[in-house]
Amino acid sequence: MDVSRSTGSAGGERALVVGLGIAGMSSALGLTRAGWEVQIIERAPDRRTGGYFIGLSKEGFEAARYLGVVDELRTHTPESYSTWEIDRSNTRRRGMSFTEQPNHPEVVRRGDIELALWSGIEKSGITVRFDTVPVTIGSNADEAVVRLTNRTTGETTDEVFDLVVGADGVRSTVRRLVFGPDSEFTEPLGRIICAFQLKEPPPETEPTDGLIIAEEKRALWIFPFSDQPPTALFTYLPDNVDAQFRMHRGDALRHAYAGMMGDGVVRWALDQFDQADNYLFDSVVKVTMPRWHHNRVVLVGDAAWCLTLYSGYGATAALHGGATLGKLLTEFDDIDLSLDEWERAVRPFIRGKGGPTALKSQLFVPSNRVAFVIRSVLLTYGVLPRLVRRIHWRQRVRAKILRRLFGERADAFPFMTPESGR
Ligand SMILES: Cc1cc2nc3c(=O)[nH]c(=O)nc-3n(C[C@H](O)[C@H](O)[C@H](O)COP(=O)(O)OP(=O)(O)OC[C@H]3O[C@@H](n4cnc5c(N)ncnc54)[C@H](O)[C@@H]3O)c2cc1C
């Protein structure tokens, strides 16, 4: 078989990005800004749309700005809203919403981020080949040779690139082909998630209010948007994770949530699931790697560092990682040096954001009786929301004083917190 090698349009470097998700599109735009010629391959036959609730933090918006797509990024943060915890006696108590975290994330859907990035991809004229996957990848210090297959036509080609970016998600093929088996880098957390868009808000709930029903080993979260129906997230710890995938999804959920009331909202949400146009049903897996690049192959996003949904930072990290890759390839002429510097720059961010994930996962869905009781005291009975509101209040007062004293220069202080993620 012939191996095709072409140089970039300006005789520059040529990259293959595997995966058309947030990490893949961010990396592709970053590389294009750095003067590279980029091709994206995507396993799916079309670009996916829609998606679940995402809290996007300021680093995500900064990356989107760098990539030139921030103005295309639609947000749906309700202006004012409450989140209610419903306990076993069907009583609703004021809880803490996802956006009340100290980093003030903005509410978007995954599809909003992908649409904004897609507009950049279209403007840049980057080639996207759907239905296409890598089958083998060989790399040395100078190049990577990739065998690509079109899944419909079966056409196979060998192509040479200066860099391959594996942005193909938590169960990455690039990682497996180049770095080693999943078992070396992935940690299954024994949890299932099912996320989907509701057709309407739950009964007796304001359209922009959130709901949380959390028991030991199972929880249902309803995330509100300012201008469209909420999304639901079932998250639970089954006795046997694999068995969940052998069942009809609706049956698996009904079995896991049997007897859970939540003021009638659980049954209502299960019925909504039956009508959902599309959904995500998956087990939760964490990815940790000692090194994200090898020769001319680099992993970005969930493929490299999946922090899990509980961190609330996966999308932000995917944008940040892709944009930073492009930035550093602009700064240094040497590709190897750029990759080393990129890893040095991004690792502390990932370590910092991934750190509290174990604790956050217990707030999402407590894994045992003790965690359930602690969570109830902290959240249902208002200790944590009061604490966080107090922190917000102090942040606002401090920011006001510093802006009075130092004007706009105060914004450069590292401990200044933005009014919102944006
Ligand atoms: C329910 C839920 C809620 C979340 N909430 C938040 C939140 O509040 N805040 C936040 O920041 N993050 C959140 N996240 C995490 C965030 O969505 C992910 O971290 C982020 O979308 C990962 O993007 P990615 O591009 O790395 O991977 P993916 O989105 O998985 O994209 C991978 C792409 O690669 C393609 N692909 C896969 N294999 C191949 C192959 N062999 N060849 C070619 N293409 C391939 C896939 O089809 C896909 O298009 C949440 C996640 C979930 C599931």
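Mean separation of Cα pairs under 8 Å and 6 or more residues apart, divided by the residue count, gives the chain a relative contact order of 23 percent. For the range 81-157, the fraction of alpha-carbon pairs lying more than 17 Å apart is 73 percent, rounded to a whole number.
Using every pair of separate Cα atoms, the Kirkwood estimate puts the hydrodynamic radius of the range 281-387 at 15.7 angstrom. The label point for Asn150 and the one for Arg351, both projected 7 Å from the Cα toward the Cβ, are 4.6 nm apart.
Take the cross-link list Lys217/Lys327; Lys123/Lys286; Lys360/Lys400 and give me the ones stretching past 32 Å between alpha-carbons.
Numbers: Lys217/Lys327 42 Å; Lys123/Lys286 34 Å; Lys360/Lys400 30 Å.
Beyond 32 Å between Cα atoms: Lys217/Lys327; Lys123/Lys286.
In vacuo Debye scattering of the range 42-111, one point per C-alpha: log10 I(q)/I(0) at q = 0.16, 0.23 Å⁻¹? The computed values of log10 I(q)/I(0) come out as -0.73, -1.09.
For the chain, the C-alpha radius of gyration divided by 2.2 N^0.38 Å, with N the number of residues, is 1.02. Exposure proxy shown here: for Lys58, Lys286, the number of other Cβ atoms within 10 Å sets the order, fewest to most, as Lys58, Lys286. Against the chain, whose longest principal axis comes from its Cα atoms, helix 265-275 is set at around 40 degrees. Using the average count of surrounding beta-carbon atoms within 10 Å as a protection proxy, the listed peptides 343-349, 296-302, 223-229 rank, highest first, as 296-302, 223-229, 343-349. Using the average count of surrounding beta-carbon atoms within 10 Å as a protection proxy, the listed peptides 359-370, 108-119 rank, highest first, as 108-119, 359-370. Which of Glu204, Glu184, Glu143 ends up with the largest GNM mean-square fluctuation for the chain, with Cα atoms connected below 10 Å? Most flexible of the set in this elastic network: Glu204. Which of the aspartates and glutamates could a cross-linker span from Lys58 if the Cα-Cα distance has to be under 20 Å and same-chain partners fewer than 8 positions apart are dropped? Cross-link targets: Asp71, Glu72, Glu79, Glu100, Glu106, Asp112, Glu114, Asp302, Glu408, Asp411, Glu419. Computed over the chain with a Gaussian network model linking Cα atoms closer than 10 Å, the most mobile of Arg218, Arg254, Arg403 is Arg403. The base-10 log of I(q)/I(0) for the range 157-249, evaluated at q = 0.20, 0.23, 0.25 Å⁻¹, reads -1.01, -1.14, -1.22 [Debye formula, identical scatterers on Cα atoms, solvent excluded].
The angle between the Cα long axis of helix 110-124 and the longest principal axis of the Cα atoms of the chain comes to about 20 degrees, rounded to the nearest 10.
Applying 1/(1 + (r/R0)^6) with r as the Cβ-Cβ distance of Glu100 and Thr157 and R0 = 56 angstrom yields a FRET efficiency of 0.65.
Each reported figure results from applying straightforward, stated rules to the coordinates on display, with no laboratory input. What you see is a predicted model, and the numbers here were worked out from it, not measured in a lab. For neighbour counting, all protein chains shown are included, and Cβ atoms are generated from backbone atoms with ideal geometry for every residue, glycine included.
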